[in-house]
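Colleague: Please see the structure below; I have some questions.
The values are calculated or read from the model by the stated rules, or taken from the named source; none is laboratory data. Quick caveat: nothing in here was measured; it's all calculated off a predicted structure. Neighbour counts are summed over all protein chains in view; Cβ atoms, including those assigned to glycine, are modelled from backbone coordinates with ideal geometry. Protein only, heavy atoms only, side chains kept; ligands, DNA and RNA dropped before computing areas. Shrake-Rupley method; radii C 1.70, N 1.55, O 1.52, S 1.80 Å.
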Amino acid sequence: MTNITKLEPRKAFLRNICDPDTREVIDKGLCLWFPGPNSFTGEDSVEFQIHGGSAVIAAVSAALSKLKFAHALPGEFTRRAFYNNKLDLTEIEGLADLIHAETELQRKQAYLQVDGSLSKLYNKWRKTLLQSIAHVEAYIDFSEDDNIEADIMDKCNNVLKVLNQEIKRHLSDGRKGEILREGVRTVILGEPNVGKSSLLNYLVQREAAIVTPIPGTTRDIVELNLNIFDYPVILADTAGLRKETTDIVEIEGIHRAKNYTKGADFVILLANSVSYLRSKKKYDEFIIDYVERLGLNDLLLNNGKVMDHCIVVMNKIDLLEPQERDSLLKDDRTIFISCAREEGLQKFSKRVAIHLKNLCGNPCRENPTVSQTRHRIHLTNCSEHIDNYFDLIKSEERDIVLAAQEIRNAMRELGLITGYVSVEQILDVIFKDFCIGK
Ligand code: GDP
Ligand code: ZN
C-alpha cells in the first residue's frame, strides 16, 4: 500500500484501497493528501473519494479504525479549523448559513461572510481599538515624559469618535442582514372571507391554505417558506379578523394573528374593494375604520396612515361594475386585485418585491450588514463601552485608567464576535508604535 504522505500534496491519485490486515482490496478510489497547514483544518488531512454505497463506506471506515482513526464529531473539522486560526467565528457562522441558504440572496450574504467580509471589518475595528489603547496606556505611563506628544489623546479620541460613529451606522441598518438571513416574516391580514388564503395560494402557486366560502376557516396560522424574487419569505395566513365571533377556537386564532403581526417584518392588509366603494368613504377614512374594526390600530401611524412595512391591497375587483372599476384603478395609494380572475397580481408582486428589497437590502462585500443577533449584541456593547470611555474622560475626575479599561472592554466585545480574544498583542502594538527603548 502506498504511504499516502509520500503522495504529491493536493493532487488526486487513483489507488486501490486495501484492508490493512488482510490486504484485500476494498475499493478503488481517489486519494488526496493535504499536509498541514495547507488544509481546511490546518492539520494533516487525507481525502478518499470512494464509491458511495453503504457497504463500501462501512468497509473503508472499518479499515480506517484498524489504523486508529475515529469518526469526526459533528462540526469537528470546522472546530479544528477555528482552533488552528483557519476560520474565525463569523466565517464559521457564514459557513453554517451557506449550508442552510435557501435563496440566492441568502447564499450571497453567507458566502461573503465565509469569505471574511465581516471578519475583515470587525478585525479592522479591533485593530483601531488596539492602537487606541496602546496610545492611551502610553499616555498614562509616560505622560510626564517630553517625548510623548501632548496631543496624542486628542488624536486618539478623534479616531475613537469616528470608529464609534461607524459602528453605530453599521448597527442602524434596519436589521437588513438579519432579516435576509432569517427570512422576512410576512403576514396577510384582513376580515374573514376577504381572500387572504386565495392571495397566499397565488403567492405560493400551489394550494397551500384552505380556500372555502365559509367565514373563519383559517383558524390557526399557516406558515410557509417561500422564495420570492430570491428573497426568503416566511408567509403566514391568519385567521380572518372580526370582533363579533363567539367561537373560542376562532377567538384564539384571532389572538394569535394579532400577536404574530407584532413580530412581522412585512404586513399585507387585504380589504374588499366592493366594501370600499359602497362605503362611499374617503380612502384614508375607510382604512382607519377598517384597521380599527379589525383591532389592528398598531398598524396606524399618528397621521392615520398605515406603517411603512404595511401595504394595503383590495381584492375582488371582478365583482365591481366596469365603470366602478375604472374609477378605482386610477388610485395608486392601494393595489386593486382579483384573486379569482388573477388580475392586478403582477402589479401586486412588483410592489411586494420593492418592499422585500427595502427590508433585506442587497448583500455586498464593501458594506456588509450585521447578519445575526449575537453580533448585534456585542456590537451594541462595544459602542456603549466607547460611549463610557468618552463619559469618563469628560467627567471632572477624568479617570484615564478607568477610561482605558472601557476601550479594552470594547475591544473584547469585538473579539467575542470573531472568537479572537487575547491581550498579548496590546504589548506588541505599544512596542511597535512607540520606540520606548530607554
Ligand atoms: P379568507 O377567509 O380571507 O382566507 O378568504 P378565502 O381566500 O378563503 O376566500 C373566501 C371566498 O372568497 C372564497 O369563496 C373565494 O373563492 C372567494 N374569493 C377570493 N378571491 C376572490 C376574488 O378576487 N373575487 C371573487 N369574486 N371571489 C373571491
Ligand atoms: Zn383563509
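Colleague: Given the whole protein assembly as supplied and a 1.4 Å probe, what does the accessible area of PHE13 come to in Å², nearest 10?
Modeller: Per-residue accessible area (PHE13): approximately 50 Å².
Colleague: Another question about this same structure. Calculate how many DSSP beta bridges within region 178-360 are antiparallel, expressed in % of all such bridges and rounded to the nearest 5.
Modeller: Numbers: 9 of 27 bridges.
Antiparallel: roughly 35 percent of the beta bridges in region 178-360.
Colleague: A further question follows. Checking understanding here: applying a Kyte-Doolittle mean of at least -0.5 and a length along the axis of at least 27 Å (C-alpha), which whole DSSP H helices in the chain pass? Show your work: numbers first, answer last.
Modeller: Numbers: long enough: 117-142 (38 Å, -0.20); 152-171 (29 Å, -0.36); 373-394 (31 Å, -0.78); 400-418 (28 Å, 0.65).
In the chain, the long hydrophobic H runs are 117-142, 152-171, 400-418.
Colleague: Please report, in debye to the nearest 20, how large the charge dipole of region 4-71 is about its Cα centre when each Lys and Arg carries +1 at its beta carbon and each Asp and Glu carries -1 there. Working shown, then result.
Modeller: Details: 8 positive and 8 negative charges, 28 e Å.
With only Lys, Arg, Asp and Glu charged at Cβ, the dipole is about 140 debye.
Colleague: Give the residue list of trypsin sites (Lys or Arg not before Pro) in region 276-375 that are DSSP loop and have at most 13 other beta-carbon atoms within 10 angstrom.
Modeller: Numbers: sites: ARG278, LYS280, LYS281, LYS282, ARG293, LYS305, LYS316, ARG325, LYS330, ARG333, ARG341, LYS347, LYS350, ARG351, LYS357, ARG365, ARG374; in loops: LYS280, LYS281, LYS282, LYS305, LYS316, LYS330, ARG333, ARG341, ARG365.
Of the trypsin sites (Lys or Arg not before Pro), the ones in loops of region 276-375 whose Cβ has at most 13 other Cβ atoms within 10 Å are LYS280, LYS282, LYS330, ARG333, ARG341, ARG365.
Colleague: Using a 1.4 Å probe, what is the accessible area per residue for the chain, in Å²?
Modeller: On the way: 23830 Å² over 438 residues.
Here the residues of the chain average 54 Å² of exposed surface.
Colleague: Next up: Net charge near LEU98: determine it from the other residues with C-beta under 13 Å of the C-beta of LEU98, scoring Lys and Arg +1 and Asp and Glu -1.
Modeller: Details: positive: ARG107, LYS108, ARG181; negative: GLU91, GLU93, ASP97, GLU102, GLU104, ASP115.
Around LEU98, the surrounding residues sum to -3.
Colleague: Within a Cβ distance under 12 Å of LEU199, other residues only, what is the Lys/Arg minus Asp/Glu net charge? Please report the intermediate quantities before stating the final value.
Modeller: Details: positive: LYS196, LYS316; negative: ASP237, GLU342.
Its environment carries a net charge of 0.
Colleague: Sticking with this one: Relative to the Cα centre, what is the charge dipole magnitude of the chain, using +1 at the beta carbon of each Lys and Arg, -1 at the beta carbon of each Asp and Glu, and rounding to the nearest 20 debye? Present the calculation step by step, with values, prior to reporting the outcome.
Modeller: Working: 57 positive and 65 negative charges, 270 e Å.
That gives the chain a dipole magnitude of about 1300 debye.
Colleague: Within straight cross-link reach of LYS11, meaning Cα distance under 17 Å, which lysines are found once same-chain residues fewer than 8 apart are removed?
Modeller: Candidates past the 8-residue exclusion: LYS28.
Colleague: For a quick check: with amide H placed at 1.01 Å from N, whose amide H comes under 5 Å from ASP44's, ignoring anything fewer than 5 positions away on the same chain?
Modeller: Here the answer is GLY36, since their amide H atoms fall under 5 Å of that of ASP44.
Colleague: Separate question: Counting only the heavy atoms of the protein chains, how much of ASP115 is accessible to a 1.4 Å probe, in Å² to the nearest 10?
Modeller: 70 Å²
Colleague: Could you tell me the relative contact order of region 4-71? Use alpha-carbon pairs under 8 Å, at least six residues apart, and round to a whole percent.
Modeller: Numbers: 98 pairs, mean separation 18.3, N = 68.
After rounding, I find 27 percent.
Colleague: Right, here's the next one. Given the options ASN157, LEU329, HIS385, identify the residue whose Cα lies farthest towards the positive end of the charge dipole of the chain (+1 on Cβ of Lys, Arg; -1 on Cβ of Asp, Glu).
Modeller: Checked the options; the winner is LEU329.
Colleague: Related question: Given region 178-360, what whole percent of its Cα pairs are spread farther than 30 Å?
Modeller: Result for the distance tail: 12 percent.
Colleague: What's the longest uninterrupted piece of the chain once you rule out the GluC sites (Glu not before Pro) that are loop residues per DSSP with at most 15 other Cβ within 10 Å?
Modeller: Working: sites that count: GLU24, GLU102, GLU144, GLU149, GLU207, GLU244, GLU342, GLU366, GLU396, GLU397.
Here the longest run is 245-341.
Colleague: At a 1.4 Å probe radius, carbon and sulfur cover how many percent of the accessible area of region 82-187? Don't skip to the answer; put the middle values down first.
Modeller: Working: 2630 of 5330 Å².
About 49 percent, which is the carbon plus sulfur part of the accessible surface.
Colleague: Over the chain, what relative contact order in percent results from Cα pairs under 8 Å that are six or more residues apart? Please list the in-between numbers first.
Modeller: Details: 641 pairs, mean separation 68.6, N = 438.
Dividing the mean separation by the residue count of the chain yields 16 percent.
Colleague: For VAL56, what is the net charge nearby, where nearby means another residue's Cβ is under 15 Å from its Cβ and Lys, Arg count +1, Asp, Glu -1? Before the final figure, lay out each step's value.
Modeller: Values: positive: ARG15, LYS28; negative: ASP19, GLU24, ASP27.
The answer is -1.
Colleague: Across all directions of projection, what mean area in square nanometres is found for the Cα convex hull of the chain?
Modeller: Numbers: hull surface 132.9 nm².
Value for the chain: 33.2 nm².
Colleague: Right, another one. Leaving ligands and nucleic acids out of the surface, order HIS255, HIS135, HIS375 by accessible area at 1.4 Å, largest first. Please list the in-between numbers first.
Modeller: On the way: HIS255 100, HIS135 50, HIS375 0 Å².
Largest accessible area first, the list is HIS255, HIS135, HIS375.
Colleague: Grab the alpha carbons of region 4-71, take their convex hull, and tell me the volume per residue in Å³. Intermediate results must be reported in sequence, preceding the final value.
Modeller: Values: hull volume 6.4 nm³, N = 68.
Taking the convex hull of the Cα positions in region 4-71, it is 94 Å³ per residue.
Colleague: Greater than 18 Å separation of Cα atoms is the criterion. Which listed pairs, LYS280/LYS347; LYS66/LYS86; LYS316/LYS347; LYS120/LYS357; LYS258/LYS350, meet it?
Modeller: Numbers: LYS280/LYS347 25 Å; LYS66/LYS86 30 Å; LYS316/LYS347 15 Å; LYS120/LYS357 25 Å; LYS258/LYS350 26 Å.
Distance filter (> 18 Å) returns LYS280/LYS347; LYS66/LYS86; LYS120/LYS357; LYS258/LYS350.
Colleague: Just from its helices, what would the mean residue ellipticity at 222 nm be for the chain, if runs of 4 or more DSSP H residues each count -39500 (n - 2.57) and the sum is divided by every residue, rounded to the nearest 500 deg cm²/dmol?
Modeller: On the way: 16 runs with 214 residues, N = 438.
Calculated from helices alone, the mean residue ellipticity at 222 nm is -15500 deg cm²/dmol.
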